[in-house]
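The values are calculated or read from the model by the stated rules, or taken from the named source; none is laboratory data. Predicted model, so just to flag it, every value in this text is computed and none were measured. Cβ coordinates were reconstructed from backbone atoms using ideal geometry, including for glycine residues, and neighbour counts include every protein chain displayed.
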């Protein structure tokens, strides 16, 4: 059964709401389509490190989750992150983080995805990190059918 874009986004938001750590941080799923995802995270003093910018673990979390959403939506099955790497390009100083991820290669058992993380300050987005990851189908997940759309 295929889902409309609205239903896919609603499903993705339900998944995010079921993740206690995502709820604790205040993550928001803004967009989800087959092979693409956009997550936002409003900044707060509790998410900063000692120099006053977003803790690297917070930026990394956002990239990881966006990669997994993009890979899962592309593969149409339950997934987890198998591995990822991140490069920080500048300190994340601002009001909000935005992670935009895209599936670059999709197979039956894994996807390779990329993600750019931006910090928004006074309405201007600046790249603060770039990540790449492998998103793997859970071992017990059924194989997707060729005609099936994203979950």
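Numbers below:
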{"item": "Region 78-91, residues that are touching a residue at least 40 places away in the same chain (Cβ under 8 Å) and either in contact with a helix residue (DSSP H, G or I) (Cβ under 6 Å, 6 or more places away or on another chain) or more than 14 Å from residue 12 (Cβ to Cβ) (or both)", "result": "79, 80, 81, 82, 83, 84, 85, 86, 87, 88, 89, 91"}
{"item": "Lone qualifier among 55, 40 - being touching a helix residue (DSSP H, G or I) at 6+ places or on another chain (Cβ under 8 Å), free of Cβ contacts under 8 Å to residues at least 60 places away in the same chain, surrounded by 13 or more Cβ atoms within 10 Å (Cβ to Cβ) and under 19 Å from residue 119 (Cα atoms)", "result": "55"}
{"item": "Wholly within region 1-98, helices (runs of 4 or more DSSP H) carrying at least 2 residues that are at pLDDT below 95", "result": "5-17, 56-75"}
{"item": "Filter result (assigned to a strand (DSSP E or B) and surrounded by fewer than 16 Cβ atoms within 10 Å (Cβ to Cβ)) within region 99-111", "result": "104, 105"}
{"item": "Unique match (being within 22 Å of residue 29 (Cβ to Cβ), in contact with a helix residue (DSSP H, G or I) (Cβ under 9 Å, 6 or more places away or on another chain) and modelled with pLDDT of 95 or more) among 129, 141", "result": "129"}
